[in-house]
Amino acid sequence: MSLRNNAALPLAALAVLALVAAPGQSVAQDDAMAEDQSVEGAWVVTNWEGPEESYEAQPGMFIFTGTHYAIMYVNASEARGGYDAEAGMTDEERTHAYQTLVANAGRYSVEGDQLTTIAYVAKDMNYMGDFPGNAQPYTIHFAGDVLHISYGEDTFRAGWTATLQKVEGMSME
């Protein structure tokens, strides 16, 4: 074998390696796409769209880990007002603050475009008291780093869709 042929051998090996590795790269790209389509992460609620109205969301956040979630948001189209810190909250202010806040956490699963949550703890004690029989169904749809969560027919917000923006680091935007 000549020296010239020996030099070609490593180049041929690299070409074969590139062909063998190429399918692995597409699998990795598919995995990256699937990861981008995951609910995992922190999501800020930006908009609510309902059967008869839509509005810019008041503060709210949905957080999903690999198996668990936490949801907390203001369920109102108007910002919650402040109160006189020296005088303290009136009963009316306290009731309004409590009634407009949704908070629950537990475990979840995703199958296709169906998200199901089961609340272990919730602000609503009746909802929480039904654990583990309190499954709530949602339909999800991704548009880049935006997640749309549509509430199922048997949920308290049936017919409503929340638009959520994924957030990273310390940014809330």
Flag for residue 109 being open to solvent by less than 60 Å² (accessible area, probe 1.4 Å) and either without any contact (Cβ under 8 Å) to a residue 40 or more places away in the chain or closer than 21 Å to residue 153 by Cα (or both): yes
Residue 94 passes all but one of the listed conditions (1) under 25 Å from residue 153 (Cα atoms); (2) part of a helix (DSSP H, G or I); (3) charged (D, E, K, R); the exception is number (1)
Working only within segment 130-150, note down all residues that are in contact with a Lys or Arg (Cβ under 9 Å, 6 or more places away or on another chain) and within 16 Å of residue 106 (Cβ to Cβ). 132
Does segment 119-130 contain at least one residue that is touching a strand residue (DSSP E or B) at 6+ places or on another chain (Cβ under 7 Å), without any contact (Cβ under 8 Å) to a residue 40 or more places away in the chain and more than 18 Å from residue 60 (Cβ to Cβ)? yes
Hey, does segment 78-88 have a residue that's surrounded by 12 or more Cβ atoms within 10 Å (Cβ to Cβ) and modelled with pLDDT under 95? yes
Selection count, segment 127-142, where residues are over 15 Å from residue 71 (Cβ atoms) and modelled with pLDDT of 95 or more: 3
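The values are calculated or read from the model by the stated rules, or taken from the named source; none is laboratory data. Model, not experiment: these values are computed from the prediction. Neighbour counts run over all protein chains shown; Cβ positions are idealised from the backbone, glycine included. We work out accessible area using only protein heavy atoms, side chains counted, and drop any ligands, DNA or RNA first. Shrake-Rupley method; radii C 1.70, N 1.55, O 1.52, S 1.80 Å.
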